[in-house]
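One structure is given here, and the rest of the page talks about it.
The values are calculated or read from the model by the stated rules, or taken from the named source; none is laboratory data. This one's a predicted model, so the numbers in the text were calculated from it and none came from an experiment. Every residue, glycine among them, receives a Cβ derived from its backbone with ideal geometry; neighbour counts consider all protein chains shown. We work out accessible area using only protein heavy atoms, side chains counted, and drop any ligands, DNA or RNA first. Shrake-Rupley method; radii C 1.70, N 1.55, O 1.52, S 1.80 Å.
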Amino acid sequence: MKTLVLTGGGHAHLHCLQQLATDFPSNCRVLLISPSRHQYYSGMFSGFTEDVYSEEEIRIDLKRICEKVGAEFVTDQVVAVNAIAKQLTGANGAIYDYDLVSFDIGSTSGAPSDMKPYITAIKPNFLFPDQLRRIRETETPAIVGGGASGVELAFSINAWRKQQQLPANTLLFSATPLLAGLHKRISRKIESIARQKDLSFFTNESVETITPEEIITSSGQLFPQTEILWLTGPKSFPVFRDSGLDTDPTGFLLVNECLQNVHYPEIFGAGDCITIQRYPNLPKNGVYAVRQGPILWRNLKSRIASIGLEAFIPQERYVSILSTGGGEAFLTYGDFSAHGKVPWLLKKRIDRNFMEQYKKLYE
């Protein structure tokens with residue numbers, strides 16, 4: 001009997017678990033290893049921040065899914081990989097043998113080490129609920145990072161504070177224009193929306209120093225802070241580089257178009273924790289992680305059966321919808337954008353449908 005180990009409960013592995021319900025590979029044992037029995041869905045983080053969703057609504061019970069589909073579940077975190085012996089080592093010292101292993105463990109925050117004592121972390125994502133409750137209620141919340149995550153949570157925290165009749169004094173810092181990875185027109189529009197919603201943001205300002213009470217930026221300005229959320233971009237967990245696996249220059253697992261490690265064919269990966277060798281600049285976001293799920297599942301089955309694999313070809317454009325608080329959202333597709341209540345309603349529908357397909361496996 002072969003053993004397939006799924007490490008992490010990210011978007012692509014959720015798809016694999018869903019497929020096990022009706023397509024469990026014959027003569028195969030499937031084991032899911034995750035540091036938490038619950039996988040939290042980042043697409044609903046903004047809604048949770050504004051009390052649109054409860055904690056139960058934004059999380060999926062991995063243990064219960066495994067029980068329903070016939071997989072085994074272990075609460076642990078893989079800290080080392082022995083690719084020669086085909087063994088994983090858990091944080092508690094346990095050894096897990098595998099014939100095939102797939103990683104979908106996400107990423108961690110890339111905060112400078114000297115600033116970490118002053119920073120709130122929401123990664124791994126099971127930390128999110130408690131951390132967000134605290135930061136939205138603090139006297140002067142600050143968010144560092146002008147990408148999609150930082151912008152969306154800054155809007156949501158500010159909106160929640162207004163609803164609670166607290167000072168709308170959320171601060172957002174970005175070393176670039178907001179949403180700089182998108183078209184310049186998009187960046188200008190989201191900054192205009194931020195002004196309309198009284199969100200205080202500071203672009204082209206990097207955070208240089210943090211003290212217990214202040215943020216000091218690259219221009220020498222001082223800002224008060226009582227809690228800081230650091231969302232400047234993903235950073236790889238050290239497990240891949242420390243284990244001697246092929247990685248990109250920043251430590252993310254390096255895979256080919258079939259989502260297979262370039263040196264060890266028994267190791268696969270998906271989501272934020274990988275870099276695809278052919279597409280090194282592909283953004284690490286949920287859109288691509290979701291679309292990698294079906295390819296990953298088919299390739300894992302094909303590898304078990306010793307047949308050919310299928311390439312993942314990323315789409316050039318995709319719809320992105322960010323909550324801007326107060327029942328509104330900002331939709332983008334290429335250089336097109338729209339803002340208002342309709343994008344928010346569309347986002348809610350998409351997010352609820354995404355969660356429902358997995359929750360119905362065990363509820």
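Summary table
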| read-out | value |
| --- | --- |
| Residue 298 paired with residue 311, simple spin-label distance in nm, labels 7 Å along Cα-to-beta-carbon | 1.4 nm |
| Radius, Kirkwood style, for the chain when every pair of distinct Cα atoms is counted (Å) | 21.3 Å |
| Full-stretch length increase - residue 27, residue 183 - with 0.36 nm per residue and alpha-carbon distance subtracted | 51.2 nm |
| Residue-span extension gain [residue 222 to residue 356] - 0.36 nm each, minus C-alpha spacing | 43.7 nm |
| Two-site FRET efficiency, residue 164 against residue 345, from Cβ-Cβ distance with R₀ of 30 Å, rounded to 0.05 | 0.80 |
| Accessible surface, segment 99-192, averaged per residue in Å² (probe 1.4 Å) | 40 Å² |
| Gyration tensor (alpha-carbon) shape descriptor, segment 2-117, a/c threshold 1.5 | oblate |
| Unit charges on C-beta of K, R, D, E only; dipole of the chain, Debye | 880 debye |
| Estimated 222 nm signal from helices in the chain, with DSSP H stretches of n ≥ 4 weighted -39500 (n - 2.57), rounded to 500 | -9000 deg cm²/dmol |
| Long pairs among 197/347; 63/235; 301/348; 116/184; 184/359; 63/347, criterion Cα-Cα beyond 29 Å | 301/348; 116/184; 184/359 |
| Pair residue 95, residue 115: separation of 7 Å Cα→Cβ label points (nm) | 4.2 nm |
| Taking segment 1-102 and dividing mean pair separation by its residue count, relative contact order in percent (alpha carbons under 8 Å, at least six apart) | 33 percent |
| Diffusion coefficient, µm² s⁻¹, Stokes-Einstein with Kirkwood Rh over alpha-carbon pairs of segment 219-320 at 25 °C and 0.890 mPa s | 160 µm²/s |
| Selection from 156, 142, 125 lying farthest towards where the dipole of segment 123-188 points positive, charges on Cβ | 156 |
| Potential lengthening between residue 333 and residue 134 on full extension [0.36 nm per residue; Cα-Cα distance subtracted] | 68.3 nm |
| Pairwise label distance in nanometres, residue 56 with residue 282, each label 7 Å out on the Cα-Cβ vector | 3.7 nm |
| Anchor residue 86: aspartates and glutamates whose Cα lies under 17 Å away (excluding residues fewer than 8 positions away in-chain) | 97, 99, 242, 246, 266 |
| Alpha carbon centroid spacing (whole Å) that separates segment 298-320 from segment 264-294 | 10 Å |
| Portion, in percent, of the accessible area of segment 217-297 that falls on carbon or sulfur, probe 1.4 Å | 51 percent |
| Environment charge at residue 189 (Cβ cut-off 12 Å; Lys +1, Arg +1, Asp -1, Glu -1) | +2 |
